[in-house]
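In what follows, a single structure is set out as structure tokens and then discussed.
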Amino acid sequence: MNVKPDFNKGKNYAESAPAFLSVWNMESYYGESYIVQNISFNVHEGEILALLGRNGAGKTTTLRSIARMNAPQVTGGEIWLDHQPLHKMASYEASRAGIGLVPEDRAIIPGLTVEENLQLAQIAPPVGWSLERLYELFPRLGERRKQEGVTLSGGEQQMLAIARALARDIKVLLLDEPYEGLAPVIVDEIEKTLRIIKEQGITTILVEQNAVRALELADRAVILDTGTIVFDGAAAEVLGNEELRSEYLAI
């Protein structure tokens, strides 16, 4: 199965694409390694998109490319967020434009408390996500606000990493393997939080090896295979297609 977006390449892409976030013909390299190969997909506002594939398919590279990290090197294509050209921005500019990346290692800053981690990320003055609102969304963080962030449990650190991204009043949340190493009950809490975030209109792209759980949460799925898109469609369609799951997700 190969279902890809229909792009109108004859117009300015920011004007022709109805999506909130649009990736168009993006190519990304690590050194001489061609990782992401001319991929295109759209994500609509408030949507949860599961970005799936086997190890090495290019999922993390895609997230880092959207976030405009120093590596990988994006050498082709365009990335638009709400009519803003992310492909012309540095990582700090993409962050100010509304991109929030939660990396696989969570990147909690040693030596800082929970609250200090949040305050460091928070824009001043906060527009949508005050500390009080973040603690309401993550009560455990409120209880541990004076505790050093790196001493939290794995699940609590994941909550802190998500809260820290929200503190910047982001438009798009990029999550890289948020369930890794977490007990099912903690994954349940994370998913409940992601549904609340969705209700607030925030768009989420979720990279996750636990494909079934990601698909059950997501509205749509994009599946990568060796750096190219092999499926773009409803998440429920992947759940109902045993051949597709077996071939590209090993489930």
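Readers should treat all values here as calculations from the given coordinates under stated rules, not as data from a laboratory. Everything numeric here is computed off the predicted structure, so don't read it as measured data. Neighbour counts run over all protein chains shown; Cβ positions are idealised from the backbone, glycine included.
Observations
- Rg(Cα)/(2.2 N^0.38 Å) for the range 111-231, N = residue count: 1.10
- The protection proxy used here, the mean number of other Cβ atoms lying within 10 Å of each residue, ranks peptides 73-82, 241-250, 157-166, 223-232 as follows, highest first: 157-166, 223-232, 73-82, 241-250.
- log10 of Debye I(q)/I(0), alpha-carbon scatterers only, for the range 52-126 at 0.24 Å⁻¹: -1.17
- For the chain, lysine pairs with C-alpha atoms less than 22 angstrom apart, excluding pairs fewer than eight positions apart on the same chain, total 9.
- With the convex hull of the Cα atoms taken as the outline of the range 169-251, the averaged projected area works out to 6.0 nm².
- Length gained when the stretch residue 116-residue 71 is fully extended (0.36 nm per residue, less Cα-Cα span): 13.5 nm
- With kT/(6 pi eta Rh) evaluated at 20 °C and eta = 1.002 mPa s, and Rh the Kirkwood radius from Cα pairs, the chain diffuses with a coefficient of 116 µm²/s according to Stokes-Einstein.
- Pair-distance distribution P(r) for the range 14-150, from all Cα-Cα distances in 10 Å bins starting at 0: 11, 34, 31, 21, 3 percent.
- Under conditions of 25 °C and 0.890 mPa s, the range 136-185 yields 208 µm² s⁻¹ as its translational diffusion coefficient, taking Rh as the Kirkwood radius over Cα pairs in the Stokes-Einstein equation.
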